[in-house]
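Before any comments, here is the structure.
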């Protein structure tokens, strides 16, 4: 009897045999008959073509364009596709010689990343005119193509420190970007371009193309189903008044210093000025950029140092207003307190100078005439309130207020490179002198804004905001709104911060500032201000002024700091006055322009020891 299992084995063998023969037939048909298989086999590479997005536009508060994008053109080359062509015509159209052609064609051969099938940059940044002529003959130059990018331009040609500029990404930035950046991409390097780079750079688009083994495009990959469209960056309205910015830069020409102007009610920064400055278009992406960047970097005046937020200065006498407020709040003095001033303040064997002036019979008069003796005494009253031998407690108490004023730490402005300034603590003095080695007279210079105390100009401007608002402020900021969406600016810029000083204590201080501000007032507008002459061990004293105006319903708060310019009333106060007038009235009165021209022409020396750390 025949084994049934043997029959089943025979069936299985026949199934495998027939299947194998079927595969052979199908393979032969595909290779010998169906040419589409051959075509698909040649399509061995999926090439990712990146579409660069348009960078978002920045506007000032009045809708004036601060940045725009101008297309630039790069000649790209796929070496494996280059064939015999009219080289003379090619060079003539691109305004290059034959030596440049040969060098550029072969420049990447020694790179370990080089591939004959991948496009590389043959020539960068050709003009629109050259591009137009070249593009007409592009068909005659196999292996060459054009890549379009956007060059960032700055039509107002001012505000370089605040608007910033873009630069091409370096290898380190590429390595740290997790694939976000590739060679040839631009990134915001300073100012608002850097701060809001993630919002205004947009999102790249991608076209996936099938290419053959010679680098030639065959078709879209999967009929373009995986392609994506480039999304332009967001347009942003900034808080800047570019006309005010330009005036400030004009007034600070030939000087080292800074100006910060803020709208008190909102915390919106109207002008953020650092001098010396430069035309931001000098650092657009072109062949001269590298040399210009090196020149600016090596300039002894440090134009890349943003003095408005990064330089730390002794505030001088404007700090007396803060000392007065803290003393009033702590109850260690009262508004009508009178003192005698003979031109010096003496304690034991030590004495400190003070300019003789009428008797400071209240705190407002002391502010008006900037009496050092008066504020030495009330500063010591705050520090010694727990006893002469326990200055640590008193200083720590004062510093609690200073922290609420936004001093000794960053204000957290939406701007890069902001520095915290320096407010010396009891721990600092314990380290310098020992726990029992210092008393209030040791640190008395802080009472008039000298000593180890250092503020940034934006912190000084924010103090003027606090005075204007009688005790509160919003974090200064540069973003006003997003143009193309209902998205709100961050909450932290929309809430008030209190300094915990009763509003009643501001009135005698502001009265003194109003008396002192007459020098900066102009017809129709009263200014509340305070001058400062900050001592400088390395040269001429610094000229300082802070103010707000009008006294009632303030529209602008401002701080001006001019290095090595002498008295605050000579340079800084007039500059503030012209800035305030320009913002409130829209122009400068004709009868005030002659002295404004004089102020513009003042030249100050350098501050080589400026602390920017």
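Every number here is computed from the coordinates shown, using simple stated rules; none is lab data. Since the structure is predicted, the reported quantities are computational estimates derived from the model, not experimental observations. Ideal geometry is used to build each Cβ from the backbone, glycine not excepted, and the neighbour counts take in all protein chains shown.
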remark   = By Cβ neighbour count within 10 Å, fewest first, 193, 454 rank 454, 193
query = How high is the FRET efficiency from residue 91 to residue 417, r the C-beta distance, R0 51 Å, rounded to 0.05?
reply = 0.70
query = Counting pairs of Cα atoms in the range 53-142, how many percent are more than 16 Å apart?
reply = 63 percent
message = Students often check this: by mean Cβ neighbours within 10 Å, which of 480-487, 56-63 ranks highest, and how do the rest follow?
response = 56-63, 480-487
query = Relative to the first principal axis of the alpha-carbon coordinates of the chain, what is the inclination of helix 572-585, with its axis defined by its Cα atoms, in degrees from 0 to 90 and to the nearest 10?
reply = 70 degrees
inquiry  = Could you work out how much longer the chain between residue 498 and residue 84 gets when fully extended? Use 0.36 nm per residue separation minus the Cα distance between them, nm to one decimal.
reply    = 141.5 nm
ask   = Which whole-number value in Å³ per residue fits the convex hull of the alpha carbons of the range 404-550?
value = 184 Å³
note = Fewest to most Cβ atoms within 10 Å: 325, 282 sort as 282, 325
key: Label-point gap, in nm, between residue 344 and residue 103 - each point 7 angstrom along Cα→Cβ   = 7.3 nm
query = Relative contact order of the chain: what whole-number percent is it, with Cα pairs under 8 angstrom and at least 6 residues apart?
reply = 14 percent
task = Kindly state, to the nearest 0.05, the FRET efficiency for residue 199 paired with residue 518, given R0 = 45 Å and r defined as their beta-carbon distance.
result = 0.50
message = Below 8 Å, C-alpha to C-alpha, sequence gap of six or more: please give me the relative contact order for the range 72-150 in percent.
response = 63 percent
request  = Take 513, 596, 398 and order them by how many other Cβ atoms sit within 10 Å, fewest up front.
outcome  = 596, 398, 513
inquiry  = Give me the mean projected area, in nm² to one decimal, of the convex hull enclosing the Cα positions of the range 283-335.
reply    = 6.0 nm²
message = At 222 nm, what value in deg cm²/dmol follows for the chain if DSSP H runs of at least 4 each add -39500 (n - 2.57) and the sum is divided by all its residues, to the nearest 500?
response = -9000 deg cm²/dmol
inquiry  = Quick check: the angle from helix 506-516's long axis to the longest principal axis of the chain, C-alpha only, nearest 10 degrees?
reply    = 80 degrees
key: Rounded, prolate or oblate (a/c below 1.5 giving rounded, otherwise prolate when a/b exceeds b/c) for the range 141-297 by Cα gyration tensor   = prolate
ask   = In degrees from 0 to 90, rounded to the nearest 10, what is the angle of the helix 320-330 Cα long axis to the longest principal axis of the chain?
value = 80 degrees
task = Calculate the spin-label point distance for residue 231 paired with residue 138, positioning each point 7 Å from the Cα along the beta-carbon direction, and give it in nanometres.
result = 2.8 nm
ask   = According to the square roots a ≥ b ≥ c of the eigenvalues of the Cα gyration tensor, what is the shape class of the range 316-395, taking rounded for a/c under 1.5, prolate for a/b larger than b/c otherwise, and oblate for the remainder?
value = oblate
task = State the label only: which of [x] 1.17; [y] 1.36; [z] 1.09 corresponds to Cα Rg over 2.2 N^0.38 Å computed from the shown model?
result = [y]
ask   = One-quarter of the Cα convex hull surface for the range 203-276, in nm²?
value = 10.2 nm²
key: Expected-Rg normalisation [2.2 N^0.38 Å, Cα atoms] applied to the range 319-360   = 1.33
